[in-house]
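Okay, so here's the structure we're looking at.
Please treat every number below as a calculation from the coordinates, not as lab data. Only a predicted model underlies this, so the values are computations on that prediction, with no experimental measurement involved. So basically every Cβ, Gly included, is an ideal-geometry build from the backbone, and we count neighbours across all protein chains shown.
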Amino acid sequence: MAAAKQGYAVGSAEGSVWSRAMEPPIAERRPTERVLHGETATDDYSWMQDRDDPAVIAYLEAENAYTDAMTDHLTGLREEIFEEIKDRTQETDLAVPAKRGDYWYSTRTEEGRPYRIWVRMAGGADGEETVLLDENQAAEGHDYFRLANFSVSPNAEIIGYSADTDGGERYTTRFRDAFGLTDLPDEIPNTSYGAAWASDSLHYFYTVTDAVMRPWQVWRHHLGTDPSVDALVYQEDDERYYLSVRRSRSGALILISAESAVTRDVQYIPADDPEVEPIRILPRVEGVQYAVDHRNGEFWIVTNDGAVDGRLVRRPVDGGDVVEVVPHTAGSKLDRPSCFEDHVVVWGRYDGLPSILIVDPNDESASYLTFDEVVYDVTPDANYEFDTRALRYGFQSPVTPPSVIDHDLPTGKRTLLKQLPVLGGYEPSDYAAAREWATSRDGARIPISIVHGTNTPIDGSAPLLVYAYGAYEISMPVRFSIPLLSLLDRGIVYAIAHVRGGGEMGKSWYEDGKLAHKMHTFTDVLDVADHLTGAGYGDPKRVAVRGASAGGLTVGASVNLDPERFRAAVAEVPFVDVVNTMLDETLPLTVVEWEEWGNPTIADEYAWMRAYTPYENIRSATYPALLITAGLNDPRVQYWEPAKWAARLRTSAMGDRPVLLKTEMGAGHFARSGRYDVWRDEAFVLAFIIDQIGRSETLDKRR
């Protein structure tokens with residue numbers, strides 16, 4: 001099947017499904033011209049930005065038809081991979097119940113049903129079950145469904161929950177009688193993430209977004225009243241800040257956080273006096289970030305004030321001195337505290353891996369939990385009870401399925417409560433995890449997490465897939481993946497490049513991969529690929545790279561820097577039109593993210609963004625085969641960014657390897673929502689990767 005020819009938008013051997021002649025006439029394409037800092041740039045594809053134009057929808061649908069035609073030969077492989085994922089998954093399953101008050105709460109799944117079922121048990125974890133909310137029923141009649149803010153009132157009588165049914169991330173909040181199991185008349189549209197109940201189980205706090213999807217207000221609803229009379233609690237007018245709201249683990253406080261890319265501050269409201277005006281805990285100071293929890297009349301605070309990687313302090317709620325409990329240690333990142341009656345847990349990272357620091361509030365001694373595997377992920381689990389001696393956390397690694405563990409704080413005893421079943425005879429010994437460190441071209445040591453089948457030769461002959469993100473100080477978790485087994489079993493080595501711009505190695509790692517230093521993120525990917533192939537983990541001619549969202553930017557910029565380094569690339573909902581997006585203040589995230597990427601109206605900041613933005617730096621070279629995805633309703637990365645990028649790649653790049661665009665026409669940033677659809681989407685991507693790099697007998701026949 002022939003790939004698209006340059007100057008010809010999309011077509012197939014069986015007949016054209018889209019051609020330049022079918023695009024809107026040139027006079028109607030509405031190209032834009034940008035004159036900025038003495039440079040003129042013309043955007044021939046700006047006409048794609050009108051989602052109400054039937055020609056745009058027709059174009060996206062034609063692209064989907066082309067992608068279907070170009071991957072039709074993979075139908076059998078996709079179905080094979082989907083069945084592998086399905087056969088390895090225990091479809092009917094129950095998460096470990098967790099106690100909250102008089103009940104135990106959990107979620108379960110049922111074979112053949114795509115969404116979770118929220119349940120609770122009375123009298124113990126094995127008690128009689130009540131279904132609080134069946135997402136499958138709530139999703140009926142919708143092609144997309146995503147739940148947020150599922151929260152139980154303190155008296156356990158009311159469930160608050162929010163639903164998004166088109167992927168646009170504007171939620172409708174509803175309330176359900178937990179005993180009668182019917183929804184109350186109260187219904188609040190256009191809510192966002194974050195919610196908290198007051199102690200009286202009548203007042204409910206929630207956030208709403210502004211026109212550009214920024215959570216900028218916290219409101220208070222009184223159950224049983226019309227939402228039109230809800231009270232505005234706090235409004236954040238600085239466009240750089242996002243608001244969130246939650247309840248402290250003690251249950252005593254409602255906490256409202258305002259956060260930009262570089263600054264965070266927190267206000268509180270007594271949960272038993274919900275109509276009090278919010279009180280700021282510490283002053284807002286530009287460049288200072290802090291996270292708060294509460295116990296026994298004190299705030300426990302992790303702050304970067306005078307401590308780039310964080311220090312733990314405490315301060316009385318009613319005022320007084322700030323007392324340092326755990327001082328700053330460079331390279332040991334303290335992130336956020338979780339307070340319990342008799343202990344304080346600080347989640348963070350050490351040496352590029354997740355960490356759990358346990359602090360005794362009585363003598364302020366502190367010690368880290370240790371783990372045996374070379375790479376892993378550790379996360380908080382359902383710790384609903386404040387007065388408990390056990391810390392529940394989740395542990396997993398590339399070879400260890402997700403496990404729920406109770407850690408007894410006084411004795412240190414760990415109890416494995418459950419490990420995710422992997423059906424079909426999964427043996428951890430059939431796979432091996434490893435950790436490597438690549439040296440970047442400027443001398444930085446880049447951590448790499450690797451997994452492969454034990455039978456896969458590490459002699460430079462195996463196909464290799466590199467995953468990268470590198471933004472927002474987000475650390476890429478090293479997790480177990482059932483779908484990934486379908487790659488590993490076909491002899492493909494998988495590696496995560498923990499590149500700069502992420503948070504793996506602390507705050508300085510993030511700062512060295514943003515703004516003026518953003519290019520480090522992309523060169524790190526290339527240096528990691530070189531290290532891995534040099535160390536025998538992959539064949540230099542059979543390397544693929546994958547990333548999503550800001551990681552899609554990482555993919556796009558990396559392949560522009562060295563188009564022939566990779567045989568294939570997957571960019572999911574990629575942020576690739578950086579300059580144009582950062583110039584448009586009407587778009588979601590733009591103003592908020594000037595502190596992450598820069599403001600192109602400033603000459604120096606424009607210069608560094610213009611140097612890497614994928615859409616404007618396509619070279620006349622042979623590019624890897626590209627699979628690009630988009631979501632028509634995506635509020636984070638507008639669908640037209642990947643669409644425009646795909647079109648320009650076809651007309652600017654050399655070679656005839658396929659450039660495929662797949663747009664979900666009824667979803668947003670998170671693609672489709674039901675688990676079977678998610679598995680099919682993943683099978684689509686994995687089949688593309690296998691087809692491009694994983695079949696040595698057919699690779700030589702490809703262009």
*Farthest toward the dipole's positive end in the chain, which of Leu686, Gly101, Ala138, given Cβ charges of +1 (Lys, Arg) and -1 (Asp, Glu) about the Cα centre?*
Leu686
*Apply the Debye scattering formula to region 141-288, with a single equal point scatterer on each alpha-carbon and no solvent, then give log10 I(q)/I(0) at q = 0.12, 0.14 Å⁻¹.*
-0.49, -0.66
_Cut-off under 5 Å, modelled amide H: who pairs with Ala471 long-range_ = Gly502
*Pairwise centroid distance, computed over Cα atoms, of region 61-95 with region 550-594, Å*: 26 Å
*So for the chain, taking the charge dipole from beta-carbon charges (+1 Lys/Arg, -1 Asp/Glu), which of Ile269, Tyr467, Val637 sits furthest toward the positive end?*
Tyr467
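Two decimals is fine: what's Rg over Rh for the chain, C-alpha atoms, Kirkwood radius as Rh? Please report the intermediate quantities before stating the final value.
Numbers: Rg = 25.6 Å, Rh = 26.9 Å.
Rg/Rh: 0.95.
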*Helix 675-693 versus the longest principal axis of the chain: what angle, 0 to 90°, nearest 10, using Cα atoms?*
40 degrees
*Value of [θ]222 nm, deg cm²/dmol, for the chain, DSSP H segments ≥ 4, -39500 (n - 2.57) each, nearest 500*: -5500 deg cm²/dmol
*Using the Karplus equation 6.51 cos²θ - 1.76 cosθ + 1.60 (θ = phi - 60°), what ³J(HN,Hα) coupling, rounded to whole Hz, does each residue of region 96-107 give in order, writing x for Gly and Pro?*
5, x, 10, 7, 9, x, 8, 10, 10, 10, 7, 10
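Sort region 229-277 into rounded, prolate or oblate with this rule: let a ≥ b ≥ c be the square roots of the eigenvalues of the Cα gyration tensor; rounded if a/c is under 1.5, and if a/c is not under 1.5, prolate when a/b is larger than b/c, oblate otherwise. Show your work: numbers first, answer last.
On the way: a/c = 2.94, a/b = 1.42, b/c = 2.06.
Here region 229-277 falls in the oblate category.
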*0 to 90° range, to nearest 10: angle between helix 603-612 axis and the chain longest Cα axis*: 60 degrees
*Folded to 0 to 90 degrees: helix 640-652 orientation relative to the chain principal axis, Cα*: 20 degrees
_Classify region 91-131 from the C-alpha gyration tensor, please: rounded if a/c falls under 1.5, else prolate or oblate depending on whether a/b exceeds b/c._
prolate
*What does the convex hull of the alpha-carbon atoms of region 294-421 project to on average, in nm²?*
8.3 nm²
*Can you give the charge dipole size of the chain about its Cα centre, rounded to the nearest 20 debye, using +1 on the beta carbon of Lys and Arg and -1 on the beta carbon of Asp and Glu?*
1820 debye
*Sorted from largest down, give the three principal axis spans of the alpha carbons of region 587-703, whole angstrom values.*
52, 39, 21
*Considering every pair of different Cα atoms, what Kirkwood radius, in Å, is found for region 439-507?*
13.2 Å
*asked:* Under 5 Å between amide hydrogens, which residues at least 5 positions from Val545 or on another chain qualify, with H placed 1.01 Å from N in the peptide plane?
replied: Val466, Ala568, Ala569, Val570
_Options Gly306, Pro354, Ser365, ranked by Cα towards positive dipole end of region 294-421, top entry (Cβ charges)_ = Pro354
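Please sort 386-392, 188-194, 136-142 by packing, taking for each peptide the average over its residues of neighbouring beta carbons within 10 angstrom, highest first.
Peptide ranking by packing, descending: 188-194, 386-392, 136-142.
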*For region 185-202, just list the computed ³J(HN,Hα) in residue order, Karplus coefficients 6.51, -1.76 and 1.60, θ = phi - 60°, integers in Hz, with x standing in for Gly and Pro.*
x, 4, 8, 10, x, 6, 8, 10, 6, x, 7, 7, 8, 6, 4, 7, 6, 10
*Considering amide H positions built from the backbone, and no H for Pro or chain starts, which residues 5 or more places from Tyr290, or on another chain, come under 5 Å of its amide H?*
Arg264
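How long are the semi-axes of the equivalent ellipsoid of region 31-160, defined as square roots of 5 times the Cα gyration tensor eigenvalues? Whole Å, largest first.
On the way: eigenvalues 422, 124, 38 Å².
So the three semi-axes of region 31-160 are 46, 25, 14 Å.
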*Quick one: net charge around Thr586, please, counting Lys, Arg +1 and Asp, Glu -1 for every other residue with C-beta under 13 Å from its C-beta.*
-3
*asked:* Let me check against my output: what whole-number percent is the relative contact order of the chain, with C-alpha pairs under 8 Å and at least 6 apart?
replied: 11 percent
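Using the crude model of +1 on Lys and Arg Cβ and -1 on Asp and Glu Cβ, and no other charge, please compute the dipole size for region 536-618 relative to its Cα centre, in debye to 20. Walk me through the intermediate numbers first.
On the way: 6 positive and 13 negative charges, 131 e Å.
So the magnitude is around 620 debye.
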*About its Cα centre, what dipole magnitude does region 91-131 give when the only charges are +1 on Lys and Arg Cβ and -1 on Asp and Glu Cβ, stated in debye to the nearest 20?*
260 debye
*asked:* Using a Debye calculation, one point per C-alpha and no hydration shell, please list log10 I(q)/I(0) for region 118-201 at q = 0.21, 0.27 Å⁻¹ in order.
replied: -1.04, -1.43
